[in-house]
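None of the figures in this text is laboratory data; all of them are computed from the coordinates on show. Because the structure is a prediction, the values reported are computed rather than measured. Methodologically, a virtual Cβ is constructed for each residue, glycine included, from the backbone with ideal geometry; neighbour enumeration extends over all protein chains shown.
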Amino acid sequence: MSTENEFDVIVAGAGPVGSIAAIALARQGFAVALVGPQPNGDDRRTTALMMPALDYLEKLGLPPFSPEETAPLEVMRIIDATQRLVRSAPVTFRAAEIGTGRFGVNIPNSVLLRILKEALQVEPRIVRVDAMVAEWRLGDDRARAVLPDGKVLSASLAVAADGRMSPAREAAGISVAKRDYPQSALVLNFAHSRPHGFVSTEFHTETGPCTQVPLPGDRSSLVWLVSPQMAVELAALDAAELSARIEERMQSILGKVEVEPGRQIYPMSALLPSTMAANRVALVGEAAHVFPPIGAQGMNLGIRDVADLVDVALSHRDDPGSERALSAYRSARRLDVLARQTAVNSLNMALLSDLLPAQIVRSAGLGLMAGISPLREFVMREGMQPGSGFARIASGWRKQVRR
């Protein structure tokens, strides 16, 4: 006979978003089971966390990120490096324009996971289960997760933070719309002879963005979207040749490039579920949205998923997995997720398109941002925190009315 262990919430998936969800819920008094294998510590990727996400993590009690392990993002720019007929002017976004010293920080995933692991270990309301869920049993009253050893975990709410192939999402009967792109991301870190000045540069190319993001010292991370075949070919080059190719792609803005050991390739796709919650399961992170790495939106969107879910759970503490609670979560997240997904996918498709109208629209949009300061400020505020750009406009209108 199986043993059943009761919790308020089961979080499936122990990656960054799942760990943040478990910590946030536990620190609001919920008993949480965090289920999933320990994430791979060899992840070479980095994550750009914007200030609202950093503020949320600080509110959870996480320690400040060390400047020796992270780099501030003070300037973000877009350079049209295509060879097409219609090209746009460079666009530079400066945090100082919106009255802040930085947009956020770039942090290696391995560092973020280490900090989260340490926070999990000292949280008494979290039970850590280092295993996959073998089977989900979702009923009207409880969500049950069956472990490989036959043990059963039971909770009012299950949080699916188990990635883009999410078994919890599938068990809840939530369908997804998926699009595979003819792109793969080559991910690596590199050293350079010129200082980056805490500037992140996104080169737009015919195969997608090639994005450099600062790391501590004269180092940066790189996410280069190319065709799947080209990604394999680039990853197979020796260090000197690959360094030369990256320096050429980046127009030598950082001087001589020297790639560091460790190269990873990730196929690009977009995924959007039919709903954000159903049958006592709420989706967060990549279980809820997947799109190409443009504009540093992915992890920040996942943290906003967590923040809204915790608010909903607090408002429905007696039964956070009830249909009333899930309906409130769907309403809270729908517009933000759809808007980010649409914006990123549209920009990516415009880059890949050889059609002249698509090139004109993309070029015109970037040109307007480059030339019109209020529009640029609006985009920066909305990129960091949804609604903040509109709130700024409304505040300006109110001031004009008072005058």
Using 1/(1 + (r/R0)^6) with R0 = 56 angstrom and r between the beta carbons of Ser227 and Asp140, what's the FRET efficiency to the nearest 0.05?
0.70
Which angle between 0 and 90 degrees, to the nearest 10, do you get for helix 239-249 versus the longest principal axis of the chain when only C-alpha atoms count?
70
When a footprinting reagent is the concern and you count Cβ atoms within 10 Å, what order do Ile10, Ile303 take, fewest first?
Ile303, Ile10
Kindly state, to the nearest 0.05, the FRET efficiency for Asp318 paired with Ser175, given R0 = 30 Å and r defined as their beta-carbon distance.
0.50
Taking the Cα centre of the chain as the origin, how large is its charge dipole in debye, to the nearest 20, when only Lys and Arg (+1) and Asp and Glu (-1) carry charge on their Cβ atoms?
1380
Calculated FRET value between Ser66 and Arg194, using beta carbons and R₀ = 35 Å, to 0.05
0.90
Can you give the extra length, in nm with one decimal, that the chain gains between Gln38 and Asp354 once fully stretched, where that is 0.36 nm per residue apart less the Cα-Cα distance?
109.5 nm
Enter the angle in degrees (range 0 to 90, nearest 10) between the Cα long axis of helix 323-352 and the first principal axis of the Cα atoms of the chain, meaning the one along which they spread out most.
20
Give the distance, in whole Å, between the Cα centre of the range 124-146 and the Cα centre of the range 38-83.
30
Just one of [x] 67, 64, 42; [y] 149, 41, 31; [z] 80, 53, 41 is Cα extents along the principal axes in Å as worked out from the coordinates here. Which one is it?
[x]
For the chain, what is the calculated [θ] at 222 nm in deg cm²/dmol (nearest 500), taking -39500 (n - 2.57) for each run of four or more DSSP H residues and dividing by its residue count?
-12000 deg cm²/dmol
Mind checking which of Trp136, Leu272, Pro37 is farthest towards the positive end of the chain's charge dipole, using Cβ charges of +1 (Lys, Arg) and -1 (Asp, Glu) about the Cα centre?
Leu272
To the nearest 10 degrees, how steep is helix 373-384 against the longest Cα principal axis of the chain, on a 0 to 90 scale?
30
Relative contact order (percent) for the chain, with alpha-carbon contacts under 8 angstrom and 6 or more residues of separation?
20
Give me the number: length gained by fully extending Lys256 to Gln121, i.e. 0.36 nm times residue separation minus the C-alpha to C-alpha distance, one decimal in nm.
44.4 nm
What length, rounded to one decimal in nm, is gained on full extension from Ala235 through to Asp336, with 0.36 nm per residue of separation minus their alpha-carbon distance?
32.8 nm
